[in-house]
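**Q** Sharing a structure, written as C-alpha cells. Questions coming.
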Amino acid sequence: MKKMLRDHFNLSYKNIRERMSRSILTLLGIAVGIMAIVSLIAIGEGMNVAVSSELSTLSDTIIVQVGEGFSIFNFGQNGNSGLDDEYLTERDISDIERIPGVKDVSPQLSGAGILSFNGETVGVSLTGMDSDIMKVQYGFEDLDSGDLIDSGDQNKVLIGYDVAYDYFDANIAVDDMVIINGNKLQVHGIFAEFTGGGLTSSDDAVVMLTRDYKKVTGESNIKSATVTVYNVNEVDPIADEIEQVVNENHGDDDFASATTLSSILDSILSILGILQTVLIAIASIALIVASIGIMNTMLTSVMERTREIGIMKAIGATNKDIMLIFIIEGILLSVIGGIFGIFLGMFGSQGISSILLSFEMGGGGTFEPVISIVSIVLAISVSLLVGVLSSLYPAWRAAQMSPIEAVRYE
Amino acid sequence: MSKDVIVTKDLSKTYGKGELQVHALRKTNISIKQGDYIAIIGPSGSGKSTLMNLLGCLDTPSTGKVLIDDTDVTVLSETKLAKIRREKIGFVFQKYNLIPTLNAIENVALGMGFAGVDTQTRQKRAKELLTMVGLSHRMKHKPSELSGGEQQRVAIARALANDPSIILADEPTGNVDTLSGNKIMNILEEINNKGETIIIVTHDPAIAKRAHRKLRILDGVVSEENA
C-alpha cells in the first residue's frame, strides 16, 4: 500500500506541474488565507506579551476607590468615576493597613483647584499621591518633557498634555512656575498626549505629592488608595477583604471597590482574545474562498482528464485509486500553499506591526509579533483539512467516471 | 484442446428506451480459446466497440453473461472488475491513450503499480517490455515526444505489463502509417506465438486477413467467417 501511495503521489505531483500557472494561482489563494491567520495570531500573541509584561510587574497592587472602580468599560476614561462628594476616610486607610498581608497603603487625594499661568486662570482637578504610587500610576506612560517627581522634591507639579498646551494661550514648559490656589509650584514634567496605553487619561491631570496637595488645598479628600501586598498570590482575597472592610465602615455594600491590576490584565487579555477570534474568523473567510478555488480547479482538472481517468480505470485502477490521486492533488496544493502562507505570515506580521507602531497605536509601547510552533502546526493542519475537504467532491466525481470514456472516439 | 478464456452467453446490449432503442449487440454466443488470434470486423456502427467494451469489462451488458476464465464478470463489483481488468486483460487503443504527464517507463509501469507490484520489479519489467517492442532508446520520453507508431508500441508494452490472458486491441493500426502498422502487427503476432490470446477490432481487411479467426458483426449480430 505504501508503494501504491507513492505512485498516486507521483501522478498528482506531475499533474500539478503540468498545470503550473493554474496550480500556483490556486495555492496562492490558500497562501493568502493562511498568511492572514498566521499574522493575526502572531500580532495577537505579541500584544498579549506586551500587555502582560507591562502590567505583570504591578501584580502585587490593588487600587481601592470610591464607586465602581476600574473596569474595562471605563478604561481609558478617567477611572475616578465615583460620586464627587464621597471619599475614603483616614479610618478606612488605617483599617486597610491592618489587614494581614498588606505591605503598604498610599492614599491618593483629589479635589478641585484653581490653576493660574501668565495671568490666566482655569479650574482644574488636583491629584495628590506619593511618589512611588506616581511611578505605578504613570510609570509606563511617556512624559512629553521633564521627569516624575521624587519623594524629596518640594513644590513640584506634573501637568497633563492638554493643561500644558490647550488651557492657556501660552504653552507651559517644564520649569515654568504656575500658581495653584495661590501657591507657587514649579512644573517638573508634562505627560505625553494620552493614546490609550496607560490606565487613565492624563491629559487633564495636575499631579503633585501628597504633602504639597495638602498644603495647596488644605484638604485631604481621599478619592482612592493604592495598596501593595507582600504575596502576589494573596492579592485577590486581600482585595475582597479590603472591599468588605471599607464598605462596612460606610454601611454601603457598593461604596468602594478594590481592583487588582491582575484582574484588569485579565479583562484586557480577554478583550484582546475576543478581538483576535473575530479577526481570525474574518480571515477564515479568505480560506473558505480559497478552498472553493481548489474545488473549482480540481473539478476543471477532473473534466479535462476524463479520458485519462478512463484509461487508468481500463488498465486496472480502482475507484479508490482514482479518489486518492485527486485527494492527494488537493492536499498537495493546499499544503504547499499553507507553507507558503506561513512564510508570508511571518513577514506580513512584521510589516503589519510596524505599520501599527508607526500610528502609535501601541501608546508609545512596542511589541514583537510572536510566531509560535502552535500556530505553525495549526496553519498546516488547517491547510491539510482544507485540502481534503475541497478535493473530496471532485475526487468522488472522478471516481464515478466510466472507463468507457477512454475508448470513446470523438 | 486449450481451454476457453472468454465465453459469452446470450450477450446483448441495448441503448435507449422504447422507440429509440438501439440494439448494439444481440444475443451473442462466442467462445474464445487460450492462444486464439481473432479479428472482429464490421462496418462502423455495427457494434464492434460495444462487443470489445463488454469483453474488456469496461461496460456491463443489458442481458446475458461474459465469462472470463470461467468467472461470470457481469455480477462483479466495481472493485472486482478493476482487478479483472488489471490482471486478465491488456488494452491497446486506437488513440494509444498514454498518460501525457508520464514517460514511457512510467506509462508501462502504471498498471503494475495499481496491481501492487514493487518498484524495482516494475522498472525491470517495463524496461524489458519496452526493449521487446523496440523502444529501448525511448524509455524516458514522454508521449508527446514519440511518434504515433512509437506511442502505440508503448501502449502494447503497457498492455502486456501485468501478463494478462487476453490482449484486446481496438484498431491498433488505425492512426499510424503502413510501415508502423506492420511493425505493430508483427509485435502482436509475436506475442500471439508465445501463447497470448489476441483480439483485434479492425475494419482493415488486410489486417483481418492475418488473424486465425474472423468474427463479422453486422447490426449487432455476430457471425463466424471462415478464414
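**Q** For B:Ile40, what residues show an amide H to amide H distance below 5 Å, using hydrogens built from the backbone and excluding near sequence neighbours?
**A** So B:Ile40 has HN proximity to B:Ile200, B:Val201, B:Thr202, B:Leu215.
**Q** Find how many whole Å separate the alpha carbon centroid of segment A:289-358 from the alpha carbon centroid of segment B:123-166.
**A** Comparing the Cα centres of segment B:123-166 and segment A:289-358, I get a distance of 32 Å.
**Q** Let me ask something else. Rounded to the nearest 0.05, what FRET efficiency do B:Thr79 and A:Val49 have when you use their Cβ-Cβ distance and R0 = 45 Å?
**A** Details: r = 55 Å, r/R0 = 1.22.
Efficiency, rounded to the nearest 0.05: 0.25.
**Q** Next up: Only helices at least 27 Å long along their axis, Cα-based, and averaging 0.0 or more on Kyte-Doolittle count here, so list those DSSP H runs from chain A.
**A** On the way: long enough: A:20-56 (51 Å, 1.45); A:261-304 (63 Å, 1.78); A:319-358 (57 Å, 1.56); A:373-399 (37 Å, 1.78).
Helix filter hits for chain A: A:20-56, A:261-304, A:319-358, A:373-399.
**Q** While we're on this one: Using only the alpha-carbon atoms, what does chain A span along each of its principal axes? Please give whole angstrom values in decreasing order.
**A** Principal extents (largest minus smallest coordinate, Cα): 105, 48, 30 Å.
**Q** Obtain the radius of gyration and the Kirkwood radius of segment A:103-226 from its C-alpha atoms and give Rg over Rh.
**A** Details: Rg = 13.2 Å, Rh = 14.2 Å.
My calculation of the ratio gives 0.93.
**Q** Just to check I understand the Karplus step: with θ = phi - 60° and J = 6.51 cos²θ - 1.76 cosθ + 1.60, what whole-Hz values come out for segment B:213-220, glycine and proline as x?
**A** 9, 10, 10, 9, 10, 9, 6, x
**Q** Separate question: Which whole-number percentage describes the relative contact order of segment A:103-226, with Cα contacts under 8 Å and a sequence gap of 6 or more?
**A** RCO, segment A:103-226: 37 percent.
**Q** With 23 Å as the limit, write out which pairs from B:Lys65/B:Lys209; B:Lys83/B:Lys209; B:Lys9/B:Lys88 have Cα-Cα distances beyond it, or answer none. It would help to have the intermediate numbers written out before the result.
**A** Details: B:Lys65/B:Lys209 29 Å; B:Lys83/B:Lys209 33 Å; B:Lys9/B:Lys88 19 Å.
Among B:Lys65/B:Lys209; B:Lys83/B:Lys209; B:Lys9/B:Lys88, the Cα-Cα distance tops 23 Å for B:Lys65/B:Lys209; B:Lys83/B:Lys209.
**Q** Can you pull the Rg over Rh of segment A:188-273, Cα-only, Kirkwood?
**A** My calculation of the ratio gives 1.02.
**Q** While we're here: Taking amide hydrogens as modeled 1.01 Å from N in the peptide plane, which residues meet the under 5 Å criterion relative to A:Ile180, leaving out close sequence neighbours?
**A** A:Ser116, A:Leu185
**Q** How much FRET efficiency would the formula 1/(1 + (r/R0)^6) give for B:Glu189 and B:Asp10, where r is the Cβ-Cβ distance and R0 is 30 Å, rounded to 0.05? Don't jump to the answer; show the numbers that get you there.
**A** Working: r = 32 Å, r/R0 = 1.07.
After rounding, the FRET efficiency stands at 0.40.
**Q** Scan chain A and hand back the longest stretch that contains none of the chymotrypsin sites (Phe, Trp or Tyr not before Pro) lying in DSSP loops with at most 15 other Cβ atoms within 10 Å.
**A** That would be A:74-229.
**Q** Follow-up question, since we're still on this one. May I ask you to evaluate 6.51 cos²θ - 1.76 cosθ + 1.60, the Karplus curve with θ = phi - 60°, for each residue of segment B:197-208 and list the ³J(HN,Hα) values in order in whole Hz, giving x for glycine and proline?
**A** 7, 10, 10, 10, 9, 7, 10, 8, x, 5, 5, 4
**Q** Now for a separate question. Any chance you could list the semi-axes, whole Å, largest first, of the equivalent ellipsoid that the Cα gyration tensor gives for segment A:244-333, using √(5λ)? Could you put the intermediate results ahead of the total?
**A** Numbers: eigenvalues 827, 33, 15 Å².
Working from the Cα gyration tensor, I get semi-axes of 64, 13, 9 Å.
**Q** Related question: May I ask you to derive the relative contact order of segment A:181-306, considering only C-alpha pairs under 8 Å and at least 6 residues apart, and to give it as an integer percent? Could the numbers behind the result be given before it?
**A** On the way: 33 pairs, mean separation 14.6, N = 126.
Once divided by the residue count of segment A:181-306, the mean separation gives 12 percent.
**Q** Need one number: % antiparallel among DSSP beta bridges in segment B:112-227, to the nearest 5.
**A** Values: 5 of 10 bridges.
Of all bridge pairs located within segment B:112-227, approximately 50 percent are antiparallel.
**Q** I would also like to ask the following. Rg and Dmax of chain B, using alpha carbons, in Å: what are they?
**A** My reading of the Cα-based Rg and Dmax gives 17.4, 56 Å.
**Q** If only Cα atoms are counted, what is the Rg of segment A:14-63, and what is its Dmax, in Å?
**A** Reported Rg and Dmax, both Å: 21.0, 67.
**Q** Normalising by the residue count of chain B, find the relative contact order in percent from Cα pairs under 8 Å and 6+ residues apart. Numbers along the way, then the final one.
**A** Values: 449 pairs, mean separation 66.1, N = 227.
Here the relative contact order equals 29 percent.
**Q** Please list the non-local residues whose amide H lies under 5 Å from the amide H of B:Val5, H modeled 1.01 Å from N, same-chain partners needing a gap of 5 or more.
**A** B:Ile32, B:Lys33, B:Gln34
FYI, it's all coordinate maths here, none of it is from the lab. What you see is a predicted model; the values in this text were computed from it and never measured. Cβ atoms come from the backbone with ideal geometry, glycine included; neighbour counts cover every protein chain shown.
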